[in-house]
Every structure is written in C-alpha cells, then in structure tokens.
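Since the structure comes first, as structure tokens, the remarks are kept for the end.
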Amino acid sequence: MEKTLIKLAASRGNKILPILQHVLSNNGNLYATDLGMWLSTPTTLPDGVYETTELAKASLTKASPAVSTDHVIDDFPMPHEMPLVFKHTNFDSKKVSFALHAMGKNDMRCQLNGLCFDLAKGSVIATDGHRLVLSPCFDSIADGGQYIVPSEAITLAVKLGFHSVSFTTDRATFRKEGSKDVINTKLIDRVFPDYTRVIPDYRTTTPLPGLYEAIKPIKAMKRALKLKNSPLLFDDSKIVLYDDKKTVSDWPLNGAAPFPIAFQSQYITDAIETLGPDAVISFGDKNSSIRIDANGIIAVIMPVRL
C-alpha cells in the first residue's frame, strides 16, 4: 500500500499545489491525496511532510528520508472530518471486478465515469452508454440508495483487495479486514442512469459452444493488426472480424445468431472473457442489444452498423 500511496503523490504534483507531490506522516499514518481521493497506511516515519523522491531514495538506500523544509504538517490538505456513516456493506471484490471494464472513460456525462453501488439491489453497475454490466456482490440494504464511486478509486480498491465500504452523503471509505489501510474518496454527485430500462427481458438458457474459445484468437488477430474499433459480426454459421468494412478473418460458429448482427469486438471480448465459458447470449432483434448472463451477472451490449 505504501508504494501505491507514494505513486499517487508522485503523479499528482502540479505548479499550483506542489504539496500534492508530497506525502504526510502524522500520528502513525502516511497520507497522500489528489484532492479527490485520500490514501492512508500505517507508518513508522516521524511526523512531517516528505517529498516522494526522498522516500523513493530512502527505500533503495535503507536510509531515513529527510523531512521537507518547504512545507509543514498544517499545509497538507486533509479530508473534512468524516460525518456520520449512513450506509455500510461488505462486498465481493472479485465480483465487483467483473463490472470495471464497462465504466466510462473521460465521458462528459461524469456519472458514467464510475461504478454505481445500488445498495437496495445488492449490486454494482457500470455503463459507458454503449454497454452495461450488473454484478450482484453484496447483501441488499432496504432503502439503501445509490452511490457512484469514481473509477480510479474503485479500481484501486479492487486491485488492493479492499472488501468493505462505508458511505456518507458525499464520500466513500474503503477498508479491508486485518489492515489499517484506508481509501477515502469523494463520490460523483450525479444521478446514475435508470439501468433497469436497458436490460432486456428476453433470455435463453443454452451457452453458445465455441464462442469462449474463439475470444483468444480474435484478440491475438486484433493485436497483430493493431485493430481498435473493429466490429464483430455474428450470423447463423460464423463470427466475422471486420476492419473498415473489409473481412479480416472469420471463425466457424454454428448458430452464432438467428440473424446477422454486429458489435464492437472489444465489448464482446471483454464480456465473454470476464464471464467465462458459461456465458449465455440472448438475442432480441437485429436492432436490439444482446443480453449476456453468467452466474447472476448480466452484461448488455448495443449493436453497431457495418
């Protein structure tokens, strides 16, 4: 955790607030912040403000780092005193990870650039407006409400194995059992889209044999040819990878779809690779999204035109 904390500080320095490129040791804890997210972990360093470069050198030489003479403890920006916790839950971090790929990236609709905890449904939901993933991962809380955690904070929390979160009106605090490490982050103060309206109610129960096995060569082909936004066409006998409306390669797949329909290949590979060989695809019509189910997790992907 200490290396992650130092890395956050080192990447956030700027000319307006150069102290953000420092970390604070205070009362046995080490802190770093980008003003949206605060990280803390226990430390034995004496109280004071430290430059990240000094800490990096000290870790290599095993020497004691020097306290910064440019800043004092009171200069370091700390979050406001945490108000009363309104909601708390433990979650399955692995199941949360299944939804992370569907979060928006630098979207103007900032509520899409995070993960929604729907406490009443016991699920997390992510969408970038073109695909959606819903993953049940904790016990539902009556009248729990919805809280949107920024993508950077939830990705870090999952990576480091945090599995407990407390929500207030404007903040989320992540912890893990047996550790004093803490991630404290601002929430995205927006209303999350009504995701229930875009989840299709049509369902099939039979997996599509061969699709999971086809994902690896599809990804290898895309890497080799440096393809990015290449569509993947499903029809009744095969799946076809396109680039600029030209066929790149195809893979036999009996009963792939009841009619020709195409999707961004990245969305398909992300979903199937995440949900595994038990994933079941349900089709509506040629203009409708597909629904992919596996072990209670739902993915929805919108079609594209070739």
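Here are SER93, SER135, SER140, SER123: which of them is without any contact (Cβ under 8 Å) to a residue 24 or more places away in the chain and crowded, with 19+ Cβ neighbours inside 10 Å?
Details: SER93 fails: without any contact (Cβ under 8 Å) to a residue 24 or more places away in the chain; SER135 fails: without any contact (Cβ under 8 Å) to a residue 24 or more places away in the chain; SER140 fails: crowded, with 19+ Cβ neighbours inside 10 Å.
The match here is SER123.
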If you go through region 227-248, how many residues are more than 19 Å from ILE272 (Cα to Cα) and modelled with pLDDT of 90 or more?
-> 0
Would you confirm whether any residue within region 203-212 is of a type in the set (Lys, Arg) and at pLDDT 90 or above?
-> no
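Quick grid of which residues meet (1) outside any loop (DSSP other than H, G, I, E, B); (2) touching a strand residue (DSSP E or B) at 6+ places or on another chain (Cβ under 9 Å); (3) in the same structural domain as LEU112 (by TED's automatic domain parsing); (4) aromatic (Phe, Trp, Tyr):
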site	(1), (2), (3), (4)
ARG190	no, yes, yes, no
TYR202	no, yes, no, yes
PRO217	yes, yes, no, no
ARG223	yes, no, no, no
TRP251	yes, yes, no, yes
THR274	yes, yes, no, no
ASP278	no, yes, no, no
Please indicate, with yes or no, whether at least one residue in region 224-244 is among the polar types (S, T, N, Q) and either closer than 30 Å to ASN113 by Cβ or touching a residue at least 40 places away in the same chain (Cβ under 8 Å) (or both).
-> yes
Matching residues, region 227-247, being farther than 21 Å from PHE283 by Cα and over 31 Å from the mean Cα position of the chain (by Cα) = LYS245, LYS246, THR247
When you go through LYS246, LYS238, LYS226 one by one, which is the residue that is surrounded by 12 or more Cβ atoms within 10 Å (Cβ to Cβ), of a type in the set (Lys, Arg), farther than 30 Å from GLY145 by Cβ and out of contact with any His (no Cβ under 8 Å at 6 or more places or on another chain)?
-> LYS238
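Return yes when ALA256 is over 17 Å from ARG131 (Cα atoms) and in contact with a Lys or Arg (Cβ under 9 Å, 6 or more places away or on another chain) and no when it is not. Explain how you work it out, then say what you get.
Numbers: over 17 Å from ARG131 (Cα atoms): yes; in contact with a Lys or Arg (Cβ under 9 Å, 6 or more places away or on another chain): yes.
Yes.
Restricting to region 21-45, and then to whatever is of a type in the set (A, V, I, L, M) and in contact (Cβ under 8 Å) with a residue 40 or more places away in the chain, can you tell me which residue is farthest from THR155 (Cα to Cα)? Reasoning before the result, please.
In the first step, residues of region 21-45 are kept if they are of a type in the set (A, V, I, L, M); the result is 23-24, 30, 32, 35, 37, 39, 45.
Those left that are additionally in contact (Cβ under 8 Å) with a residue 40 or more places away in the chain: 24, 35, 37, 39.
On the way: LEU24: 23, LEU35: 17, MET37: 12, LEU39: 13 Å.
Here the answer is LEU24.
Tell me, which strands (runs of 3 or more DSSP E) wholly within region 50-159 include 1 or more residues that are over 16 Å from the mean Cα position of the chain (by Cα)? Show your work before the answer.
On the way: elements: 87-90, 114-118, 123-127, 131-136, 146-150.
Result: 87-90, 146-150.
If you check LEU55 against the conditions, is it touching a strand residue (DSSP E or B) at 6+ places or on another chain (Cβ under 8 Å), modelled with pLDDT of 95 or more and surrounded by 19 or more Cβ atoms within 10 Å (Cβ to Cβ)? I'd like the intermediate steps shown before the answer.
Numbers: touching a strand residue (DSSP E or B) at 6+ places or on another chain (Cβ under 8 Å): yes; modelled with pLDDT of 95 or more: no; surrounded by 19 or more Cβ atoms within 10 Å (Cβ to Cβ): yes.
No; evaluated as a whole, the condition is false for this residue.
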Any hit, region 262-269, residues being closer than 28 Å to ASN113 by Cα, surrounded by 18 or more Cβ atoms within 10 Å (Cβ to Cβ) and either in the same structural domain as MET103 (by TED's automatic domain parsing) or basic (Lys, Arg) (or both) = no
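So which of PRO65, PRO46 ends up being over 30 Å from THR274 (Cβ atoms), surrounded by fewer than 13 Cβ atoms within 10 Å (Cβ to Cβ) and modelled with pLDDT of 75 or more? Before the answer, list the steps.
Details: PRO65 fails: surrounded by fewer than 13 Cβ atoms within 10 Å (Cβ to Cβ).
Criteria check complete, one pass: PRO46.
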Which members of region 21-33 meet the condition of being crowded, with 19+ Cβ neighbours inside 10 Å and out of contact with any Asp or Glu (no Cβ under 7 Å at 6 or more places or on another chain)?
-> VAL23, LEU24, TYR31, ALA32, THR33
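The values are calculated or read from the model by the stated rules, or taken from the named source; none is laboratory data. Treat the numbers as computed from the prediction; the structure is a model and nothing was measured. No Cβ is skipped: glycine too gets one built from the backbone with ideal geometry, and neighbour counts run over all protein chains shown.
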